[in-house]
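Q: Got a structure for you, written out below as C-alpha coordinates; questions coming shortly.
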Amino acid sequence: MTGYTGKASYIYKDETSKAEYVGEFKNGVIEGNGTSIYSKVSDKIYKDFDVIYYSGEWKGGQFHGKGTLTSDDGTIFKGKFKNGFANGRGVETTKRGYKTSGIWENGEFIKSLESYEMTDEELQDITRKALQETIRKNTDSIFKKQFKTID
(Lines give C-alpha, C1' and ligand atoms only; values in the text may rest on other atoms or scores of the structure.)
Protein backbone atom coordinates (compact mmCIF):
# COMPACT_ATOMS: atom_id res chain seq x y z
CA MET A 1 0.00 0.00 0.00
CA THR A 2 3.05 2.22 -0.30
CA GLY A 3 1.95 5.74 -1.15
CA TYR A 4 -1.72 4.83 -1.66
CA THR A 5 -4.30 7.51 -0.79
CA GLY A 6 -8.03 6.72 -0.80
CA LYS A 7 -10.39 4.01 0.46
CA ALA A 8 -9.41 0.34 0.56
CA SER A 9 -9.52 -2.79 2.66
CA TYR A 10 -6.44 -4.34 4.17
CA ILE A 11 -5.73 -7.62 5.97
CA TYR A 12 -2.72 -7.98 8.24
CA LYS A 13 -1.48 -10.99 10.17
CA ASP A 14 1.62 -11.69 12.25
CA GLU A 15 2.53 -13.99 15.15
CA THR A 16 0.48 -11.97 17.67
CA SER A 17 -2.63 -10.76 15.86
CA LYS A 18 -4.77 -10.61 12.75
CA ALA A 19 -6.48 -7.41 11.64
CA GLU A 20 -8.98 -6.55 8.95
CA TYR A 21 -9.43 -2.88 8.12
CA VAL A 22 -11.75 -1.00 5.76
CA GLY A 23 -11.38 2.72 5.40
CA GLU A 24 -9.17 5.58 4.40
CA PHE A 25 -5.44 5.64 3.74
CA LYS A 26 -3.10 8.58 3.27
CA ASN A 27 0.28 7.98 1.64
CA GLY A 28 0.03 4.27 2.43
CA VAL A 29 -0.83 4.75 6.12
CA ILE A 30 -4.21 4.15 7.77
CA GLU A 31 -5.51 7.67 8.32
CA GLY A 32 -9.01 9.16 8.28
CA ASN A 33 -12.19 7.21 9.02
CA GLY A 34 -12.24 3.45 9.13
CA THR A 35 -13.30 0.24 10.79
CA SER A 36 -11.15 -2.60 12.01
CA ILE A 37 -11.49 -5.99 13.64
CA TYR A 38 -8.48 -7.25 15.61
CA SER A 39 -8.20 -10.91 16.56
CA LYS A 40 -5.55 -12.01 19.02
CA VAL A 41 -3.37 -14.90 17.89
CA SER A 42 -1.18 -15.04 21.03
CA ASP A 43 -1.02 -13.52 24.53
CA LYS A 44 2.03 -11.40 23.71
CA ILE A 45 -0.22 -8.33 23.36
CA TYR A 46 -3.76 -7.36 24.35
CA LYS A 47 -4.02 -9.84 27.23
CA ASP A 48 -7.49 -8.65 28.27
CA PHE A 49 -9.36 -9.72 25.13
CA ASP A 50 -9.36 -12.03 22.13
CA VAL A 51 -11.19 -9.77 19.66
CA ILE A 52 -11.79 -6.01 19.48
CA TYR A 53 -13.75 -3.95 17.02
CA TYR A 54 -12.97 -0.27 16.41
CA SER A 55 -14.80 2.20 14.24
CA GLY A 56 -13.80 5.83 14.05
CA GLU A 57 -10.97 8.19 13.27
CA TRP A 58 -7.38 7.09 12.69
CA LYS A 59 -4.02 8.84 12.46
CA GLY A 60 -0.68 7.24 11.70
CA GLY A 61 -2.23 3.75 11.76
CA GLN A 62 -3.61 4.17 15.30
CA PHE A 63 -6.97 5.01 16.87
CA HIS A 64 -6.90 8.78 17.03
CA GLY A 65 -9.90 11.13 17.34
CA LYS A 66 -13.51 10.13 17.97
CA GLY A 67 -14.34 6.45 17.90
CA THR A 68 -16.03 3.41 19.39
CA LEU A 69 -14.08 0.43 20.72
CA THR A 70 -15.95 -2.80 21.47
CA SER A 71 -14.20 -5.75 23.12
CA ASP A 72 -15.27 -9.37 23.09
CA ASP A 73 -16.27 -9.17 26.78
CA GLY A 74 -19.07 -6.79 25.76
CA THR A 75 -17.46 -3.57 26.98
CA ILE A 76 -18.07 -0.58 24.72
CA PHE A 77 -16.03 2.62 24.94
CA LYS A 78 -17.24 5.66 22.99
CA GLY A 79 -15.09 8.74 23.10
CA LYS A 80 -11.76 10.26 22.20
CA PHE A 81 -8.58 8.37 21.37
CA LYS A 82 -4.97 9.47 20.99
CA ASN A 83 -2.10 7.35 19.70
CA GLY A 84 -4.15 4.14 20.03
CA PHE A 85 -5.45 4.73 23.57
CA ALA A 86 -8.60 6.20 25.14
CA ASN A 87 -7.65 9.79 25.84
CA GLY A 88 -10.05 12.57 26.84
CA ARG A 89 -13.80 12.39 27.44
CA GLY A 90 -15.56 9.11 26.95
CA VAL A 91 -18.27 6.75 28.12
CA GLU A 92 -17.60 3.12 28.94
CA THR A 93 -20.51 0.68 29.14
CA THR A 94 -19.96 -2.84 30.42
CA LYS A 95 -21.84 -5.95 29.34
CA ARG A 96 -23.79 -5.82 32.62
CA GLY A 97 -24.92 -2.26 31.86
CA TYR A 98 -22.69 -0.30 34.20
CA LYS A 99 -21.99 3.03 32.53
CA THR A 100 -19.09 5.32 33.41
CA SER A 101 -18.66 8.76 31.95
CA GLY A 102 -15.28 10.28 32.54
CA ILE A 103 -11.83 11.33 31.47
CA TRP A 104 -9.17 8.90 30.27
CA GLU A 105 -5.46 9.54 29.73
CA ASN A 106 -3.29 7.12 27.73
CA GLY A 107 -5.87 4.37 28.24
CA GLU A 108 -6.14 4.88 32.01
CA PHE A 109 -9.31 6.11 33.73
CA ILE A 110 -8.53 9.45 35.44
CA LYS A 111 -11.73 11.12 36.60
CA SER A 112 -15.42 10.22 36.81
CA LEU A 113 -17.96 12.62 35.40
CA GLU A 114 -21.02 10.44 36.00
CA SER A 115 -21.76 6.79 36.73
CA TYR A 116 -25.04 4.91 37.03
CA GLU A 117 -26.54 1.47 36.68
CA MET A 118 -28.65 1.09 33.55
CA THR A 119 -32.20 -0.16 33.72
CA ASP A 120 -32.96 -3.53 32.10
CA GLU A 121 -34.71 -1.72 29.25
CA GLU A 122 -31.70 0.57 28.60
CA LEU A 123 -29.35 -2.42 28.73
CA GLN A 124 -31.45 -4.44 26.28
CA ASP A 125 -31.70 -1.46 23.93
CA ILE A 126 -27.95 -0.74 23.89
CA THR A 127 -27.12 -4.45 23.58
CA ARG A 128 -29.53 -4.86 20.67
CA LYS A 129 -28.17 -1.79 18.89
CA ALA A 130 -24.53 -2.80 19.44
CA LEU A 131 -25.19 -6.32 18.19
CA GLN A 132 -27.03 -5.04 15.11
CA GLU A 133 -24.25 -2.59 14.34
CA THR A 134 -21.53 -5.19 14.86
CA ILE A 135 -23.25 -7.72 12.62
CA ARG A 136 -23.87 -5.07 9.97
CA LYS A 137 -20.29 -3.89 9.90
CA ASN A 138 -18.48 -7.18 10.45
CA THR A 139 -19.81 -9.33 7.67
CA ASP A 140 -17.30 -10.48 5.11
CA SER A 141 -19.59 -9.33 2.32
CA ILE A 142 -19.20 -5.70 3.37
CA PHE A 143 -15.41 -5.94 3.11
CA LYS A 144 -15.67 -7.63 -0.30
CA LYS A 145 -18.44 -5.46 -1.80
CA GLN A 146 -17.28 -1.99 -0.76
CA PHE A 147 -13.57 -2.01 -1.49
CA LYS A 148 -10.89 -4.00 -3.27
CA THR A 149 -7.74 -4.99 -1.41
CA ILE A 150 -4.79 -2.96 -2.58
CA ASP A 151 -1.49 -4.88 -2.50
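The values are calculated or read from the model by the stated rules, or taken from the named source; none is laboratory data. What you see is a predicted model, and the numbers here were worked out from it, not measured in a lab. Cβ atoms come from the backbone with ideal geometry, glycine included; neighbour counts cover every protein chain shown. Keep in mind that these areas ignore ligands, DNA and RNA; they rest on the heavy atoms of the full protein, side chains included. Shrake-Rupley method; radii C 1.70, N 1.55, O 1.52, S 1.80 Å.
Q: So which of Asn87, Asn83 ends up being in contact with a strand residue (DSSP E or B) (Cβ under 7 Å, 6 or more places away or on another chain) and surrounded by fewer than 16 Cβ atoms within 10 Å (Cβ to Cβ)?
A: Details: Asn87 fails: surrounded by fewer than 16 Cβ atoms within 10 Å (Cβ to Cβ).
After applying the criteria, what remains is Asn83.
Q: Consider Asp72 carefully, then state whether it is at pLDDT below 85 and within 25 Å of Ala130 (Cβ to Cβ).
A: Values: at pLDDT below 85: no; within 25 Å of Ala130 (Cβ to Cβ): yes.
Considered against the rule, which asks whether it is at pLDDT below 85 and within 25 Å of Ala130 (Cβ to Cβ), Asp72 comes out as no.
Q: I want to confirm something. Restricting to region 116-125 and keeping residues that are open to solvent by 50 Å² or more (accessible area, probe 1.4 Å) and outside any loop (DSSP other than H, G, I, E, B), which single residue is modelled with the lowest pLDDT? Show your work before the answer.
A: At the first step, the residues of region 116-125 found to be open to solvent by 50 Å² or more (accessible area, probe 1.4 Å) are 116-117, 119-122, 124-125.
Filter once more, keeping what is outside any loop (DSSP other than H, G, I, E, B): 116-117, 120-122, 124-125.
Values: Tyr116: 56, Glu117: 60, Asp120: 73, Glu121: 78, Glu122: 70, Gln124: 77, Asp125: 79.
Checking each candidate, the answer is Tyr116.
Q: Take the residues of region 1-44 that are at pLDDT below 85 and either in a strand (DSSP E or B) or closer than 19 Å to Gly67 by Cβ (or both): which is most open to solvent (accessible area, probe 1.4 Å)? Explain how you work it out, then say what you get.
A: The first filter runs over region 1-44 and keeps only residues at pLDDT below 85, leaving 1-3, 14-17, 40-44.
Next, only the ones that are either in a strand (DSSP E or B) or closer than 19 Å to Gly67 by Cβ (or both) stay: 17, 40.
Working: Ser17: 12, Lys40: 41 Å².
Only one residue fits best here, namely Lys40.
Q: For region 45-60: of the residues being modelled with pLDDT of 90 or more and open to solvent by less than 30 Å² (accessible area, probe 1.4 Å), which is nearest to the chain's Cα centre (by Cα)?
A: To start, the set of residues in region 45-60 that are modelled with pLDDT of 90 or more comprises 53-60.
Next, only the ones that are open to solvent by less than 30 Å² (accessible area, probe 1.4 Å) stay: 53-56, 58.
Numbers: Tyr53: 4, Tyr54: 1, Ser55: 5, Gly56: 7, Trp58: 10 Å.
Applying the filter and picking the extreme gives Tyr54.
Residue by residue, here is whether (1) closer than 22 Å to Glu24 by Cβ; (2) touching a His at 6+ places or on another chain (Cβ under 9 Å) holds:
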position: Trp58; (1), (2): yes, yes
position: Thr68; (1), (2): yes, no
position: Gly74; (1), (2): no, no
position: Arg89; (1), (2): no, no
position: Thr93; (1), (2): no, no
position: Lys99; (1), (2): no, no
position: Trp104; (1), (2): no, no
position: Glu108; (1), (2): no, no
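Q: Something else: If you check every pair at least six apart or on different chains, which have Cβ atoms under 7 Å apart with a residue in region 88-109 that is over 17 Å from Lys129 (Cβ atoms) and charged (D, E, K, R) first and a residue that is open to solvent by less than 60 Å² (accessible area, probe 1.4 Å) and assigned to a strand (DSSP E or B) second?
A: Short answer, once both residue conditions are applied: Arg89/Gly79; Arg89/Ile103; Glu105/Asn87.
Q: Do we have Lys66 as open to solvent by 50 Å² or more (accessible area, probe 1.4 Å) and not in a strand (DSSP E or B) here? So that I can check it myself, show each step before the final result.
A: On the way: open to solvent by 50 Å² or more (accessible area, probe 1.4 Å): yes; not in a strand (DSSP E or B): no.
For Lys66, the condition - open to solvent by 50 Å² or more (accessible area, probe 1.4 Å) and not in a strand (DSSP E or B) - is not met.
Q: Which is of a type in the set (Val, Ile, Thr) and crowded, with 16+ Cβ neighbours inside 10 Å, of Ile110, Ile76?
A: Numbers: Ile110 fails: crowded, with 16+ Cβ neighbours inside 10 Å.
Among Ile110, Ile76, only Ile76 is of a type in the set (Val, Ile, Thr) and crowded, with 16+ Cβ neighbours inside 10 Å.
Q: Give the residue, chosen from Lys78, Lys95, Lys129, Lys99, that is closer than 23 Å to Val51 by Cβ, among the basic types (Lys, Arg) and touching a Phe, Trp or Tyr at 6+ places or on another chain (Cβ under 8 Å). Even if it seems obvious, please write down each step before you answer.
A: Details: Lys78 fails: touching a Phe, Trp or Tyr at 6+ places or on another chain (Cβ under 8 Å); Lys95 fails: touching a Phe, Trp or Tyr at 6+ places or on another chain (Cβ under 8 Å); Lys129 fails: touching a Phe, Trp or Tyr at 6+ places or on another chain (Cβ under 8 Å).
Unique residue meeting the criteria: Lys99.
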